[in-house]
1. May I ask you to list the residues in the range 126-177 that are closer than 15 Å to Gln103 by Cα, touching a helix residue (DSSP H, G or I) at 6+ places or on another chain (Cβ under 9 Å) and part of a helix (DSSP H, G or I)?
2. In the range 187-202, which residues are surrounded by fewer than 16 Cβ atoms within 10 Å (Cβ to Cβ) and touching a helix residue (DSSP H, G or I) at 6+ places or on another chain (Cβ under 7 Å)?
3. Name every residue in the range 56-66 that is in a loop (DSSP other than H, G, I, E, B) and touching a strand residue (DSSP E or B) at 6+ places or on another chain (Cβ under 9 Å), in order of residue number.
4. Any residue in the range 65-77 that's more than 15 Å from Val43 (Cβ to Cβ): show its pairings with residues that are exposed (fewer than 13 other Cβ atoms within 10 Å of the Cβ) and not aromatic (Phe, Trp, Tyr) at Cβ separation under 8 Å, as long as the two are six or more apart or on different chains.
5. Given the structure, is Thr114 free of Cβ contacts under 8 Å to residues at least 24 places away in the same chain, within 17 Å of Val145 (Cα to Cα), outside any helix (DSSP H, G or I) and of a type in the set (Val, Ile, Thr)?
6. Does Thr104 satisfy being farther than 30 Å from Thr207 by Cα and of a type in the set (S, T, N, Q)?
7. Restricting to the range 67-107, what's the tally of residues that are within 30 Å of Arg167 (Cβ to Cβ), assigned to a strand (DSSP E or B) and of a type in the set (Lys, Arg)?
8. Against the definition (of a type in the set (Ser, Thr, Tyr) and surrounded by fewer than 14 Cβ atoms within 10 Å (Cβ to Cβ)), how does Ser144 come out, yes or no?
Amino acid sequence: MTERVQPHVWKRNVRIFGGVTVLVGMTILVSVGIIRVFTIRQVIVDAPGMTVTLEKTKFGNNLLFVSTNELRGELLATYPLLADVRFEKKIPSTLIVHLVRRQTFALLSTSGNTYAVDAYGFVLDAAENSVGYPVLRFDTGILSVGTRMTDRRVMSALSFLRALDNREEIRSIQERDGASLQAVMGNTNIFLPQSEELSAKAATLQTIIDGFRIKGTLPTVIDLRHEKPIITN
């Protein structure tokens, strides 16, 4: 009985082994094919207004297995002037890296120099033309491109501007005294507290301005340093 079963078992094992061998072989062939077909052969850097050179070795060899999240974090940490990094995979072998530069949000005038800064206080570059941007006038010393502002007055002014729908109407913001700021919008002076977060004050100002514009005139002074605004015509 045993002698009759053993050949059957042996043949079955041979078939199984043969099937596994074929499967492993096919898997190896497919893997090699994928590696060869999707090998990164070209890295294109899309960086308008910037000169950035990226090493191809940073992206690995295979387009399908590029770790974009890790690379994005590394690039943002290496280049502080970048607002975002996006990757585009063009099958079979091209990787496009889109680098998005931080945009000028306001100008900072300090120590006889003017710098472009983004909405969160990153110093972008030296600037001369102030048209279209609010000017923040604070003495913060000489600044280095790529650094982020930590001055409380500047950060307060930026938080105020971020919350406005019409920040371009603000001509300038400067320190009024040790506890308050003064913003100028046309012929209107706006007094603000030196708080890190001024979005609520910006919302109040927006409501006041909209109401006065319906009447056709704007007040001379809008004091937002207190719980209730004080308006002087």
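1. If the condition is that a residue be closer than 15 Å to Gln103 by Cα, touching a helix residue (DSSP H, G or I) at 6+ places or on another chain (Cβ under 9 Å) and part of a helix (DSSP H, G or I), then Leu161, Arg162, Arg167 are the ones that fit.
2. Passing the criteria: Glu196, Glu197, Ser199.
3. Answer for the range 56-66, where residues must be in a loop (DSSP other than H, G, I, E, B) and touching a strand residue (DSSP E or B) at 6+ places or on another chain (Cβ under 9 Å): Asn61, Val66.
4. Taking only residues 6 or more apart or on different chains, the pairs are Leu76/Asp84.
5. yes
6. no
7. The qualifying residues number 2.
8. yes
The values are calculated or read from the model by the stated rules, or taken from the named source; none is laboratory data. Predicted model only: the values in this text are computed from it and were never measured. Note: ideal-geometry Cβ built from the backbone for every residue, glycine included; neighbour counts use all protein chains shown.
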